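This report refers to the structure that appears directly beneath it.
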Amino acid sequence: MIYLTRKAEFSSAHYYWNDQWTAEENQRVFGKCANRNGHGHNYTLEVTVAGEVDGTSGFVVDLKELKEILDREVVSVYDHRHLNLEVPEFKAAIPTTENIAIAIWKRLEAKIPGAKLYRVRVYEMDELFADYYGEP
Amino acid sequence: MAKAYLSRRYRFSASHRLHTEAYDEEQNREVYGKCNNPFGHGHNYMVQVTLSGPVDPMTGMVCDLGELDDFARKNLLDRFDGMNLNTLDCFRDAVSTTENLSIEVYRMFAGFKAARLERVHIEETSNNSFDYAGETIPAAGVI
């Protein structure tokens with residue numbers, strides 16, 4: 001089994017807010033991330049797929065194809081967007097780094113030809129990242 | 001609730017000297033080389049802590065990041081940053097290698113109860129890094 005990782009970047013705005021809480025509770029739990037005018041990050045996405053090396057091409061997956069899938073399924077939807085206001089999965093879930101990793105997993109899981117999605121890693125910044133391995 | 005892994009990086013600078021009373025002067029010099037310089041030397045350490053747990057549907061988080069940062073400030077940064085590691089209690093009987101530092105930092109963050117500690121990764125320089133996941137053997141590909 002070979003693991004192959006492809007990186008992509010997107011820049012997005014978001015805020016943290018739970019509608020079931022009062023403004024004071026949101027402020028207490030999320031601090032400055034609760035600012036309703038939003039703030040933003042340069043996110044780095046690392047997608048790792050696992051598979052066997054094809055005897056003819058020598059590839060686990062065609063990287064060009066993987067790049068196109070990441071662009072189509074994730075970057076074109078998230079980049080230069082407001083995650084809370086413009087991306088459907090974050091109507092119901094707060095766009096934390098953890099939830100972004102889970103959402104990207106769901107977007108990609110069935111879309112990788114010939115290999116299995118192994119890990120989605122999302123860096124919100126250098127110092128903070130979340131991993132999702134598809135575990136329920 | 002889906003299980004996710006959260007990793008947070010902290011940085012501190014400290015001096016140390018690799019030296020053990022179990023060896024004589026010559027053996028210390030031979031084993032530790034320039035790291036045995038009696039005047040010490042230092043590094044900018046990068047500590048990466050990985051925690052796991054179910055993502056809380058109310059917060060979207062594995063754990064409260066502010067709480068984790070407070071814990072790290074109090075237990076790691078306030079104690080280690082700007083210090084000589086050899087003068088700290090935890091290195092009184094252990095050589096201040098990054099292996100031993102990883103084990104110490106792992107023990108430390110095992111005390112953070114809001115999520116499960118998975119592993120500690122420490123970069124001593126950009127060429128040397130160390131991982132410790134307790135006594136469990138991490139699954140292939142996880143580190």
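The values are calculated or read from the model by the stated rules, or taken from the named source; none is laboratory data. Quick caveat: nothing in here was measured; it's all calculated off a predicted structure. Quick reminder, even Gly has a Cβ in these numbers, built from the backbone with ideal geometry, and neighbours come from all protein chains shown.
A Cβ distance below 7 Å, combined with a sequence gap of six or more or placement on separate chains, defines the contacts here; from the range B:1-27, residues that are more than 14 Å from every other protein chain (Cβ to nearest Cβ) reach residues that are among the aromatic types (Phe, Trp, Tyr) and part of a helix (DSSP H, G or I) in the pairs B:Ala14/B:Phe80; B:Leu18/B:Tyr32; B:His19/B:Tyr32. In the range A:53-73 there is no residue that is surrounded by fewer than 19 Cβ atoms within 10 Å (Cβ to Cβ), more than 14 Å from chain B (Cβ to nearest Cβ) and under 30 Å from A:Asn26 (Cα atoms). Among the residues making up the range B:74-93, those that are modelled with pLDDT of 95 or more and either part of a loop (DSSP other than H, G, I, E, B) or β-branched (Val, Ile, Thr) (or both) are B:Asp81, B:Gly82, B:Thr87, B:Leu88. A count restricted to the range A:119-136 and to residues that are facing another protein chain (nearest Cβ under 7 Å), within 27 Å of A:Glu52 (Cβ to Cβ) and crowded, with 16+ Cβ neighbours inside 10 Å stands at 2. For the range A:30-76, taking the residues that are of a type in the set (Lys, Arg) and under 20 Å from A:Pro95 (Cα atoms), the one that is nearest to the chain's Cα centre (by Cα) is identified as A:Arg72. For the range A:17-64, a residue qualifies if it is in a helix (DSSP H, G or I), charged (D, E, K, R) and under 22 Å from A:Leu117 (Cα atoms), and exactly one does: A:Lys64. Considering the conditions (1) over 24 Å from B:Gly53 (Cβ atoms); (2) touching a residue at least 60 places away in the same chain (Cβ under 8 Å); (3) among the β-branched types (Val, Ile, Thr), A:Val60 is excluded by exactly one of them, (2). Does the range A:88-105 hold any residues that are more than 10 Å from chain B (Cβ to nearest Cβ) and free of Cβ contacts under 8 Å to residues at least 40 places away in the same chain, and which are they? The answer is A:Pro88, A:Glu89, A:Lys91, A:Ala103.
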